[in-house]
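Accompanying notes for the structure given below.
The values are calculated or read from the model by the stated rules, or taken from the named source; none is laboratory data. Treat the numbers as computed from the prediction; the structure is a model and nothing was measured. Cβ placement follows ideal geometry from the backbone for every residue including glycine, while neighbour counts extend to all protein chains displayed.
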């Protein structure tokens, strides 16, 4: 969660029992969910998985390219007896997949599958470099460590400069990634321990990441595309989110305290309940971060 119980304790300058801490976690989690529902987007970067079906009518064409197809006759001209003259007909540009959560922070993997092939990972159409600081082989897998490499599953990587040389690979497909490691599959056989060195270059040619989704090139009609990605606002760098949640949580906790004390005393307390949730004024202060939908 963006706001922890310890943040609420500091903000209110109070101490909470274990049961009150449990209640505070429920309140904070609910308020973050309420704020995200209003904004229509996560306020923290979270991992999502989505599946998309490519339309039956899709034609795979490179980005920003349109091709005139002389074989397509214009119904206007043919209807008027001019069958020899075609109108300007163009093939479709690449498919844009709009993801449900934005802004997209990172695409971890894009997998395609159709009725004829096994699932295949596509590589992001970008060139990236990283310094390798460690490598280890288990079975047919080599796991390389490279801090903040940003490689994606499906890219092809070349690793050079490692001692021993058995860890160097040429144009191997990346099969797994974490924030600081990536994995390739090689032939079976033992390798001695990593000693030093390592420079990695990875590249792909299948899709481009946008803030709203991806432009994907290497697909055909009826493909099923499974996208694993991270998306959301960087809530830690937008202090107003934390402040709004703390304000609303303070009102919720005060109401809860008054109700509990009144029940324990077996008599009502003459305390007007504070407004729960977010006020209209508070929501207006973050309206600029709201995701707008165009019909």
Flag if residue 187 is surrounded by 14 or more Cβ atoms within 10 Å (Cβ to Cβ) and either more than 21 Å from residue 45 (Cβ to Cβ) or modelled with pLDDT under 90 (or both): no
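Listed here are the residues, each with its yes/no results for (1) buried (at least 18 other Cβ atoms within 10 Å of the Cβ); (2) closer than 30 Å to residue 116 by Cβ; (3) in contact (Cβ under 8 Å) with a residue 12 or more places away in the chain.
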{"residue": "196", "(1), (2), (3)": "no, no, yes"}
{"residue": "202", "(1), (2), (3)": "yes, yes, yes"}
{"residue": "210", "(1), (2), (3)": "no, yes, yes"}
{"residue": "216", "(1), (2), (3)": "yes, yes, yes"}
Matching residues in region 11-58 - criterion: being surrounded by 14 or more Cβ atoms within 10 Å (Cβ to Cβ), more than 30 Å from residue 177 (Cα to Cα) and either in contact with a strand residue (DSSP E or B) (Cβ under 7 Å, 6 or more places away or on another chain) or not assigned by TED's automatic domain parsing to the domain that holds residue 246 (or both): 58
Leading residue by the ranking (modelled with the lowest pLDDT) among those in region 139-184 that are part of a helix (DSSP H, G or I) and surrounded by 15 or more Cβ atoms within 10 Å (Cβ to Cβ): 166
Selection status of residue 135, more than 24 Å from residue 104 (Cα to Cα), crowded, with 18+ Cβ neighbours inside 10 Å, touching a helix residue (DSSP H, G or I) at 6+ places or on another chain (Cβ under 7 Å) and modelled with pLDDT of 90 or more: yes
Selection count where residues are part of a strand (DSSP E or B) and either farther than 27 Å from residue 169 by Cβ or at pLDDT below 90 (or both), scope region 215-235: 5
Selected residue (only one of 102, 84, 64 is at pLDDT below 90, within 28 Å of residue 153 (Cα to Cα) and surrounded by fewer than 12 Cβ atoms within 10 Å (Cβ to Cβ)): 64
